[in-house]
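Quick notes on the structure that follows.
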Amino acid sequence: MSSTNPGTGIHHAARMFATEHLAGQMSRREFLSRATALGVTSAAAYGLIGATPVQAQSERVVPPMGGTLRIEMQVLAQKDPRTYDFTQLYNALSGVLEPLVEVRRDGSFAGLLLESWEVNDDATEYVLNLRPNVAWNNGDAFTAEDVVANFAGWCDSSVEGNSMASRLAALTDETTGKIRDGAATIVDPLTVKLTLLTSDITIIPSITEYPAVVQHRDLIGTVPSDHFVGTGAYRMAEYVVGVGAVLEKNPDHPYWRDAYLDRIEFVDLGTDPAAVVAAAEAEDIDMNYDSVGEFVEIFTAIGWEPSEIATSSTVVIRTNQEAEVDGVKPYADVRVRRALALAVDNSVLLELGYAGLGIVANNQHVGPMHPEHAELPPFEPNPEEARRLLEEAGMLDYEHELISIDDDYRRNTTDAMAAQLRDAGIKVTRKIIPGTTFWNDWTKYPFSSTNWNGRPLAVQLLALAYRTGEAWNETAFSNAEFDETLAKAMAIADHDKRREHMRRLQEIMIEEGVVVQPYWRSLYRHVRPGVLNGERHQGDIVNVHYLGLAE
Amino acid sequence: MAFFILRRVGVMLLTSLCLTFIVFFLTNLEPNLEKLAKTQGNARMTDAEVTSWLDRNGYAQPMVLRYGEWLGVLPGWTREAEDGTVTGRCIHGTVTAETAPRFCGILQLDFGQSTVFREEVSSIIGTRLGLTGILMFWVMVVMVPSALIIGVLAGMREGSRTDRALSTFSIATTATPEYVSGVIFITVFASSAVGLKWFKGSAASAMDGVTFENFTLPVLTMALYGMGYIARMTRASMAEVMTAQYIRTARLKGVSFPNIVVKHALRNALIAPFTVIMLQFPWLLTGVVIVETLFNYKGFGWTLVQAASNNDIELLLSCSVVAVFVVLVTQLISDIGYVYLNPRIRMA
Amino acid sequence: MDPLSWGAILAQMLLQFTPVWIALAVTLGISRAYKRRLGLYGKLYDSGIGIAGFTLVMFWVYTAVFANMIITHEPLTVISGMKNALPGSPMPDGHEGYGYYLLGGDNLARDVFSRMVMGAREVLKIAPAATLFAFMVGITLGLPAGYFGGFLDTALSFIANLVLAFPVILLFYLLVTPEIVATGIPTYMAAVLFLFPIAFLVVLWNARFFTQPMVRNIYVGLTLALGLWLYSGLAFNADPLGVVSMPPNVLIVFVSVVFVNAPTVFRIVRGIVLDIKTRDYVAAGQTRGEGPWYIMLWEILPNARGPLIVDFCLRIGYTTILLGTLGFFGLGVSPESPDWGSTINEGRRLLSIYPHPALPPAFALMSLVLGLNLLADGLREESLKD
């Protein structure tokens, strides 16, 4: 579907990125992601690096028309899209509501309700060109008013749980908590201009996130399942929380492009993967949502087609250095933290915690998928040294309480960690907190595991999670050298030059024993043979408009 | 008799009132409300956001007031936001602030809104009870006749080899809770490890249409656990009847053994099992929860688990009303039935 | 090393249970020899069903006692490469200790056999104690309710019926959640329920020895000292000596199980008292001028022991099933606990591919409850012959 017209010009930075990619300094994925975020179409971006647009389109096939597809997925209670906290909420309505821009499996950005966009040189001005001839299924035309109204809605930080507000902070007025006057203006019915006070290249990536689906201008803040007004090709025939949802092609609504399936059924089988396998074997479903752990192998064994995507999502098992347990701060001592890391073999955590489906990580929270990653010698576990360090710190008899959330890989990984610590002669008890309460105090637990989603740049992650005083700094790590080096690294646009500082940052992560970060996760999904375009997406997006069935 | 029933109904109402208040109290404790706010709003809300959410949705009032509103003896809360929109307990769905009634509790037959399913509680309970009804029906069809047959066969010749074998079988089934037998059944009859694959290990498709394949295992799992108990009661009662004077007389008169069992003993022997079967209903409720979870059948038991784990207050309250109603009504029926069937007992 | 065959697995397991076999042989042998002097327990040896039940129950009791000697691996140790290993799988090279996972490995590469054995300990730690507490509560309230009748009876019966009208599973879902634990309600419940055993014993000694103040003071004093010490440790986790304590999640499970069982015991006791109250020896005691508590505890209760002992056995079985149900729904038990209910629940996720982690605890639970039921049956049969 890369029939979008190239923008009016190619951003100079995109040309710079192309040079870097061709010099081997940036992966193709990284390049595509950044170039397209600057308004370059993916076809043009492929052109910049001399790849043929055919390759660009090879991601998806064009399915034949018609058919019914049954997808296993949790069907959750709908809420105001701005407050979405699970991708399933968007997916169930992906045939009804659409975002302005989507991110594809190869990491490139492509316009949906936007036809194209241009970004000025210092990324302070965005011109969004709306796709013409898009209509709402209530008969209204899709116009610039809709877009401005949605930006205003996204920037409203007074709405509890509105995660878009923090993503679009560059458009928000800090004092009122609403969108800044003049931040989003209507140029003409099909053009919107965004004016930022500071440069921000993350505006386009932000509006591809699943809470950023576009609602009708008069329906901002409403729950879509109350009215099902949207621009998509489908209408909702049924939506029963916890049971299922049915999308049917809407015969009364002219959709702006092709949609293939006649009917999509979402079937909620709960959180137990065994039930999904049972349903797959009984041919009650055609596609699952997520294959985890052992089930990857099992689904493949029953003849389903796997699709895999490697990500920079990960799990960290971290200590909070400032946390007090019974009046002492057990993890303020670097020897204790290092001992915990030395006592475990990360490859075993990958094997037992995530069925080996990923790559082993080295406790640095920086990985080979990051362009500025520096290669350090692999981390070697050493239980004897761990015990020696603990003895030296006088903490050999201390009983650690290791906390985790209560489901699948996070729990299993943490259980495996506890078992390894016990093997090394360290006392551990486990505590499990259900998902409904786990996140209340997740940054404050003394010793616990957390899952982190991927970010394109390593410095983004380090700044978010380990800089002194950050809101999400769950380790309470505070190190002047680290902060200083990180600040230097973040000022350097060139990955190679940044790598020198990265090496030091990664070394500090190890020396200070900040976290145990055992592995990077790969994500999987399976489809019944004959299902088209159902590949796993790095953001878990299932856009039903692309799906189809082979004849 | 009328007075007896009237008094029982009175006690029943009082019991329901107490029980619903206990459920209301437990679900409305502060940590539970916080959990509710977080599941409804956003999992990572701050404390201030939680407070404001609770306030906006009417949870900030004193608990007794809200219980009264739920019952329908106090008017439902209303609240005017800064921009003039009026929200309230009785305002939801198509009902607007103008048309909303003042009272909306269970006395007005308004069971409220489910926060998890975003639907009328009454319609959820209706659909789900219907599905569970189908399950219960088949369980009863399997359980009652087989339990009675086992009990009668075992009890008609006490101490015989048949008796020993059948009694041991009955004890074994009472010792096998649903989660054990279900697991064994799935392994043996539905897994690729054993490979028989006669039945389906999931009853999800049974919600659209019951087939022999998808419903055998859940029905069998539930029927088995309850069966042993009824069978043992029948056996005891049968054994007692078989030693009665009139049976001996009949035998001495030369009536054939099968005739004695069918024509003379059976009717009297079935009085006790009747009450037991009625009292078995509440017991089945726990079984329903386990079996529906194990086999992924979305009936009443599944709804109860969803309501409880998401702290869906109004749904949970209605679930408990239904559950308590089932328990008390079956008790009442079993008492009345006992009086009717057994002429030796006279109720004051 | 090659994997073991099924025959070899069975032989190895029988070997591991050696301490249990010895203990069982000694117990059964001695009891049989002296059965005429052992009262109701001795009579059990006249009933085939009774012996079978008793043997099964004692098998698990001894397994719990000797668990440390029986297990082949630590129940929480994970060994790389043994994830979902089939029964009889040999250890990967370079591992010391026992060479096989007799019943295979679970999803986290832990030994299924050892977890099942340790599970017996978890179950037998809670079930009998909880049942005993439920009986203390039920008896302490049921005796006066049946004996005095009147308003006390009406009120207590109403409360008992109230609890009984609650579907058990709903009650558990309401009580055994982290949110409720956070409010401290379980501690209050424990504070009330755990008072009953102390009250029961104090009244018991007082009724017996109130004519001999010296003896009474010693008994009551000892009970109070010991009882309150345990009470402070168990209910409030505030043992001044720091010896007795109960983890909060065990406490809530314990309290809930006692709470669910006590009303049934209450109803049984009350029914028996109503029956026995009309007997002549009670009337005789009353004319002798004996106090009501003396009559209840020292005249009525001993005569009610038959049905109570039978029900006690059945109820331990029922409690075991309840604990399993809690584990099955993941309520209350500690996360890595090898107790049977939660092991079954964890194993059932991969049931269709790897049935071996779920089946051993399932059979274990079944056989223990079966044993208790058979034992109760045997006891009932023999006590009826009195």
Selected residue [surrounded by 15 or more Cβ atoms within 10 Å (Cβ to Cβ), part of a helix (DSSP H, G or I) and without any contact (Cβ under 8 Å) to a residue 60 or more places away in the chain] from B:T132, B:T127: B:T127
Positions within the stretch A:459-472 being under 23 Å from the mean Cα position of the chain (by Cα) and surrounded by fewer than 20 Cβ atoms within 10 Å (Cβ to Cβ), in sequence order: A:Q460, A:A463, A:L464, A:R467, A:E470, A:A471, A:W472
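Kindly indicate whether B:V291 is crowded, with 20+ Cβ neighbours inside 10 Å, within 14 Å of chain C (Cβ to nearest Cβ) and either touching a residue at least 12 places away in the same chain (Cβ under 8 Å) or more than 20 Å from A:A77 (Cβ to Cβ) (or both).
Answer is yes for this residue.
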Leading residue by the ranking (surrounded by the fewest Cβ atoms within 10 Å (Cβ to Cβ)) among those in the stretch C:192-208 that are closer than 15 Å to C:G233 by Cα and of a type in the set (V, I, T): C:V192
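Rundown of residues vs (1) touching a residue at least 12 places away in the same chain (Cβ under 8 Å); (2) touching a strand residue (DSSP E or B) at 6+ places or on another chain (Cβ under 9 Å); (3) not hydrophobic (A, V, I, L, M, F, W, C), yes/no style:
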position	(1), (2), (3)
B:T15	yes, no, yes
B:T27	yes, no, yes
B:D55	no, yes, yes
B:P62	no, no, yes
B:E80	no, yes, yes
B:I91	yes, yes, no
B:I106	yes, no, no
B:V116	yes, no, no
Listing of helices (runs of 4 or more DSSP H) fully contained in the stretch B:1-120 that carry 1 or more residues being under 25 Å from C:V168 (Cα atoms) and among the charged types (D, E, K, R): B:2-27, B:30-40
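Every residue in the stretch A:423-437 that is over 17 Å from A:S347 (Cα atoms) and facing chain C (nearest Cβ under 10 Å), please. Step through it out loud before you land on a result.
Taking the stretch A:423-437 as the starting set, the residues that turn out to be over 17 Å from A:S347 (Cα atoms) are A:425-437.
The answer is A:V428, A:T429, A:R430, A:K431, A:I432, A:I433, A:P434, A:T436, A:T437.
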Which listed residue is modelled with pLDDT under 90 and among the small types (G, A, S), from A:A92, A:A56: A:A56
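Taking strands (runs of 3 or more DSSP E) that fall entirely within the stretch A:20-131, which contain at least 1 residues that are touching a Lys or Arg at 6+ places or on another chain (Cβ under 6 Å) and among the charged types (D, E, K, R)?
The strands (runs of 3 or more DSSP E) meeting that bar are A:114-119.
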Selection within the stretch A:146-164 - touching a strand residue (DSSP E or B) at 6+ places or on another chain (Cβ under 8 Å) and within 14 Å of another protein chain (Cβ to nearest Cβ): A:D156, A:S157
Residue count for the stretch C:65-89, restricted to those that are in contact with a helix residue (DSSP H, G or I) (Cβ under 8 Å, 6 or more places away or on another chain), assigned to a helix (DSSP H, G or I) and surrounded by fewer than 20 Cβ atoms within 10 Å (Cβ to Cβ): 2
Residue in the stretch C:97-108 that is more than 14 Å from chain B (Cβ to nearest Cβ), surrounded by fewer than 19 Cβ atoms within 10 Å (Cβ to Cβ) and out of contact with any Pro (no Cβ under 8 Å at 6 or more places or on another chain) present: yes
Any hit, the stretch B:240-249, residues being more than 14 Å from chain C (Cβ to nearest Cβ), over 23 Å from B:I171 (Cα atoms), hydrophobic (A, V, I, L, M, F, W, C) and assigned to a helix (DSSP H, G or I): yes
Leading residue by the ranking (surrounded by the most Cβ atoms within 10 Å (Cβ to Cβ)) among those in the stretch C:160-191 that are out of contact with any Leu (no Cβ under 9 Å at 6 or more places or on another chain) and closer than 29 Å to C:T223 by Cβ: C:A191
Residue check, A:W452 of a type outside the set (S, T, N, Q), surrounded by fewer than 21 Cβ atoms within 10 Å (Cβ to Cβ) and away from chain C (no Cβ under 14 Å): yes
Qualifying position, being out of contact with any Phe, Trp or Tyr (no Cβ under 6 Å at 6 or more places or on another chain), aliphatic (A, V, I, L, M) and either closer than 13 Å to A:Q517 by Cβ or in contact (Cβ under 8 Å) with a residue 12 or more places away in the chain (or both), among A:V328, A:V336: A:V336
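Pick from B:W70, B:W77: which is crowded, with 17+ Cβ neighbours inside 10 Å, over 30 Å from B:S167 (Cβ atoms), at pLDDT below 85 and aromatic (F, W, Y)? Explain how you work it out, then say what you get.
Details: B:W70 fails: at pLDDT below 85.
One residue alone meets the criteria, B:W77.
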Those residues of the stretch C:349-386 which are modelled with pLDDT under 80 and either touching a Lys or Arg at 6+ places or on another chain (Cβ under 6 Å) or more than 20 Å from B:R164 (Cβ to Cβ) (or both), in sequence order: C:R349, C:L350, C:L351, C:S352, C:I353, C:E382, C:D386
In the stretch C:155-179, residue nearest to the other protein chains (Cβ to nearest Cβ) [restricted to those that are not in a helix (DSSP H, G or I) and not hydrophobic (A, V, I, L, M, F, W, C)]: C:P167
Unmet criterion (only one of (1) more than 14 Å from chain C (Cβ to nearest Cβ); (2) at pLDDT below 90) for A:H365: (2)
Which listed residue, of B:R232, B:R267, B:R251, is touching a Ser or Thr at 6+ places or on another chain (Cβ under 7 Å) and either farther than 22 Å from B:T162 by Cβ or among the charged types (D, E, K, R) (or both): B:R232
Per-region count, the stretch A:479-533, residues polar (S, T, N, Q), surrounded by 18 or more Cβ atoms within 10 Å (Cβ to Cβ) and within 30 Å of A:P273 (Cα to Cα): 2
Of all residues making up the stretch A:276-301, the number that are in a helix (DSSP H, G or I), touching a strand residue (DSSP E or B) at 6+ places or on another chain (Cβ under 8 Å) and within 14 Å of chain B (Cβ to nearest Cβ): 5
Segments classed as helices (runs of 4 or more DSSP H), wholly inside the stretch C:282-386, with at least 2 members that are more than 13 Å from chain B (Cβ to nearest Cβ) and either of a type outside the set (A, V, I, L, M, F, W, C) or surrounded by fewer than 23 Cβ atoms within 10 Å (Cβ to Cβ) (or both): C:305-328, C:359-384
Considering residues of the stretch A:245-275 that are aliphatic (A, V, I, L, M) and more than 14 Å from chain B (Cβ to nearest Cβ) only, the residue surrounded by the most Cβ atoms within 10 Å (Cβ to Cβ): A:L247
Test: A:V159 is touching a residue at least 12 places away in the same chain (Cβ under 8 Å), surrounded by 15 or more Cβ atoms within 10 Å (Cβ to Cβ) and assigned to a strand (DSSP E or B): no
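The values are calculated or read from the model by the stated rules, or taken from the named source; none is laboratory data. Please read all numbers here as calculations on a predicted model, not as lab measurements. Neighbour counts run over all protein chains shown; Cβ positions are idealised from the backbone, glycine included.
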